[in-house]
1. Just the Kirkwood number for the stretch 18-124, please: inverse of mean 1/r across all distinct Cα pairs, in Å, one decimal.
2. When the dipole is taken about the Cα centre of the stretch 18-124, and only Lys, Arg (+1) and Asp, Glu (-1) are charged at their Cβ, what size is it in debye, to the nearest 20?
3. Please work out the FRET efficiency for the pair THR43 and ASP114, using the Cβ-Cβ distance as r and a Förster radius of 30 Å; give the result to the nearest 0.05.
4. Residue farthest toward the positive end of the dipole of the stretch 18-124, with Cβ of Lys/Arg at +1 and Asp/Glu at -1: which of LEU109, VAL119, ASN36?
5. Checking the cross-link filter: which lysines have an alpha carbon closer than 23 Å to that of LYS101, excluding same-chain neighbours under 8 positions apart?
6. If you rank VAL95, VAL48 by fewest surrounding Cβ atoms within 10 Å, what's the result?
7. Provide LYS50, LYS22, LYS101, LYS77 in ascending order of the number of other Cβ atoms located within 10 Å of each residue's Cβ, fewest first.
8. Over the stretch 18-124, what relative contact order in percent results from Cα pairs under 8 Å that are six or more residues apart?
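Since every read-out is calculated from the coordinates, none of them should be taken as a lab result. All of these numbers come straight from a predicted model, not from anything done at the bench. Using ideal geometry, Cβ is built from the backbone for each residue, glycine included, and neighbour counts are taken over all protein chains shown.
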Amino acid sequence: MDYRRAGNDVMETEVLTASPAKLRRMTVEFALRNANLAIEQATTDGGVRKSEATLNLRDALTELLGGIRPSEEALPKQVADMYVFLLQWLTSAEVDGDREKLVDISRVLEIELDTWNQVALTTISGSSVPQSSGGDESLESICFDA
């Protein structure tokens, strides 16, 4: 049996059957894994270099940024600004060879993953997506179709 193929089939099934919020969480997990891999490589290589890990990280951040619907609400703009900053910080890390910038990206992604884990728990418990204080619908502007 080809276990890699079986693993790919399981992952494909998980992606095809996942809720939109879970897909977004999976994308954040993918970004975080690649950020941590890039940190390990930077430690070994003595600095950040463009690699498959940094390319995958850039792709995931771009996907997450692309999943934010244009809105006049503050929250979607702030989230979009965060992803733009992370993309710029990644570019700066590659140009400067600065491992600490990757560590910063990883820290932000850990917080983002925690947020999406909370959203998933809220969704599983049968509640709707949590609203920000003040009752506006700004979270609805963040596309769950990652």
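1. 14.1 Å
2. On the way: 12 positive and 17 negative charges, 56 e Å.
Its charge dipole is roughly 260 debye.
3. Given R0 = 30 Å and the Cβ-Cβ separation, E is 0.80.
4. VAL119
5. LYS50, LYS77
6. Values: VAL95 11, VAL48 25.
Fewest to most other Cβ atoms nearby, the residues stand as VAL95, VAL48.
7. With the sparsest Cβ surroundings first, the list reads LYS50, LYS77, LYS22, LYS101.
8. On the way: 106 pairs, mean separation 39.0, N = 107.
Reported as a whole number, the value is 36 percent.
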